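Input: a single structure, listed below in structure tokens.
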């Protein structure tokens, strides 16, 4: 009888790749912190990325002030709408 069945090997490989994917994704979630005092820059960048889909300035500013430094850093690092949507 073999030490590991084919199903065990498949499960081990799937677990390995799942762990690697998790590590790669978690490595991409650390952004340079942006202080609340730079919210005007963050809002300007968010409006540029969102284009015509951007909410009004007042609601973006309120969201920025309520966000964490890391979330504001995420917004500043975003270059596409999808990346921006994942920030908050």
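Pairing each residue of the stretch 40-58 that is within 15 Å of residue 74 (Cα to Cα) with any residue that is modelled with pLDDT under 95 and assigned to a loop (DSSP other than H, G, I, E, B), provided the two are 6+ apart or on different chains, yields C-beta distances under 6 Å for 47/54; 49/78.
Selection of the stretch 20-45 for residues being in a helix (DSSP H, G or I) and modelled with pLDDT of 65 or more yields 36, 37, 38, 39, 40, 41, 42, 43, 44, 45.
The values are calculated or read from the model by the stated rules, or taken from the named source; none is laboratory data. Just so we're clear, the structure is a prediction, and the values are computed from it rather than from any experiment. Cβ atoms come from the backbone with ideal geometry, glycine included; neighbour counts cover every protein chain shown.
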